[in-house]
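*Asks:* Pasting a structure below so you can have a look.
The values are calculated or read from the model by the stated rules, or taken from the named source; none is laboratory data. The shown structure was predicted, so the numbers you read here are calculated from the model rather than taken from an experiment. Every residue, glycine among them, receives a Cβ derived from its backbone with ideal geometry; neighbour counts consider all protein chains shown.
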Amino acid sequence: MPKLHYIEKLSDNLSIGVQKGSGSTNDSPGVWTARFYWRGKEPAYKSTKVRYEEYGGLSKEKAVKIAYEWAGELGARASRGENFHEKHHVNTLGNSYLVEVEVWTKENELRKANGKSLRYEIQGGRTYWSKAIMYQTTMLWRDYIFPFMAARLKDSKKKEHPFPAIRSVTKRDWDQIDNYIQDEHSELGIEYRLKIITEVRRFLQYCFYKELIDDVPSIARPSRGGKRGARERRRREITPDDYTAIMKYQRAKYNNMETPLYRRQWSYLFHLWTLILANTGIRPPTSGTEHTMMKWEHVKLGKKPILKRPDPACNVFARGIFKPLDVI
């Protein structure tokens, strides 16, 4: 507990005084330090980093302003019954966030299995927590976000708490994440980098909801490069020769009698799936999008087999024709 000199009471819960270092001489002016206390709790101290000046009224005014801002944050937390001594370091908050994600996901999956509406929506998103999203979220944190915090936010000189508190992490700090990803994971494309940044934003939305931060900063995002960038990232078109080679390879797989029956059956199923993709224009995953969601009820067999499915342009059913020779 630091010893304060020239103590002045500012409010019922806040006072300010001058703290001198343990090895300081009597000539050392010291710095203004704030002390916050709440009934039944140990007081908290914070250095304003403003040097004490014997006749310096301006320095004291600056220190008092800093003290009031700090006490306002602690007072709000104390009134909610929270531990105002807890710093909420980013790494521990990240772990707490992932634990809650698991809880939300289990609750949603249970409600889904019982035919009930889902409860927990993704902060800042348009959908609900599910097993697939939870798995992807965990992987993003393990492979990229936690390593980013350790590389760019951690202060190794501080042995007790090397990671900063969430409130002290600035927009400029978060803006480093894309540069870090490009430096350490150059194999990742722009879409995956954007996905990582979106996940960080979800975490910050969570912190905002918990009232641990006052706003959610907009993190610098890489540009997709407009139409030119889209053309550069686009997969090359499959030529007729490519298609023929794919068909020959798949048919050889399910016609190979030396392969166990279950393997041949799976190969045949995969072959039929490829044909449906090629002849209907459907592209997985659909993520529940109705106009690309193909169901068995859409298949109409007869002399001329067709596939009926919603048309995204006019919102009515369109007909996709199967080529009979292709499905043999």
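*Asks:* Please tell me if Leu261 is modelled with pLDDT of 75 or more, loosely packed, with under 14 Cβ neighbours inside 10 Å, within 30 Å of Lys131 (Cβ to Cβ) and not assigned by TED's automatic domain parsing to the domain that holds Tyr128.
*Replies:* The answer is no for Leu261.
*Asks:* Considering each of Glu100, Glu53, Glu109 in turn, give the residue that is in contact (Cβ under 8 Å) with a residue 12 or more places away in the chain, among the acidic types (Asp, Glu) and not in a helix (DSSP H, G or I).
*Replies:* Glu53
*Asks:* Only one of Ile282, Ile306 is touching a Lys or Arg at 6+ places or on another chain (Cβ under 6 Å), at pLDDT below 90 and aliphatic (A, V, I, L, M). Can you tell me which? Outline the logic, then answer.
*Replies:* Values: Ile282 fails: touching a Lys or Arg at 6+ places or on another chain (Cβ under 6 Å).
Result of the check over Ile282, Ile306: Ile306.
*Asks:* Then there is this: With the requirement that a residue be surrounded by 15 or more Cβ atoms within 10 Å (Cβ to Cβ) and of a type in the set (Lys, Arg), what does the range 30-45 give you?
*Replies:* Listed by number, the list holds a single entry, Arg35.
*Asks:* Go through the range 135-246 and tell me which helices (runs of 4 or more DSSP H), entirely inside it, have 1 or more residues that are in contact with a Pro (Cβ under 9 Å, 6 or more places away or on another chain) and of a type in the set (S, T, N, Q).
*Replies:* Output list reads 177-184.
*Asks:* Quick one: Lys154 ticks every box in (1) closer than 30 Å to Ala76 by Cα; (2) surrounded by fewer than 12 Cβ atoms within 10 Å (Cβ to Cβ); (3) among the basic types (Lys, Arg) except a single one, so which number is it?
*Replies:* Lys154 satisfies every listed condition except (2).
*Asks:* Something else about it: Name the pairs whose Cβ atoms lie under 7 Å apart, with the first residue in the range 203-217 and in the same structural domain as Thr137 (by TED's automatic domain parsing) and polar (S, T, N, Q), the second assigned to a loop (DSSP other than H, G, I, E, B) and modelled with pLDDT of 90 or more, and 6 or more positions between them or separate chains?
*Replies:* Gln205/Val216
*Asks:* Would you confirm whether any residue within the range 138-160 is of a type in the set (D, E, K, R), under 21 Å from Pro217 (Cα atoms) and assigned by TED's automatic domain parsing to the domain that holds Ile213?
*Replies:* yes
*Asks:* May I ask you to verify whether Lys248 is touching a Ser or Thr at 6+ places or on another chain (Cβ under 7 Å), outside the structural domain of Trp141 (by TED's automatic domain parsing), modelled with pLDDT of 90 or more and not small (Gly, Ala, Ser)?
*Replies:* So Lys248 does not fit the description; no.
*Asks:* Checking Ser117 against (1) in contact with a helix residue (DSSP H, G or I) (Cβ under 9 Å, 6 or more places away or on another chain); (2) in a helix (DSSP H, G or I); (3) farther than 17 Å from Tyr206 by Cβ, which single condition isn't satisfied?
*Replies:* Exception for Ser117: condition (2).
*Asks:* Within the range 117-132, identify whether any single residue is at pLDDT 80 or above, touching a strand residue (DSSP E or B) at 6+ places or on another chain (Cβ under 9 Å) and basic (Lys, Arg), and answer yes or no.
*Replies:* The answer is yes, given that some residue of the range 117-132 is at pLDDT 80 or above, touching a strand residue (DSSP E or B) at 6+ places or on another chain (Cβ under 9 Å) and basic (Lys, Arg).
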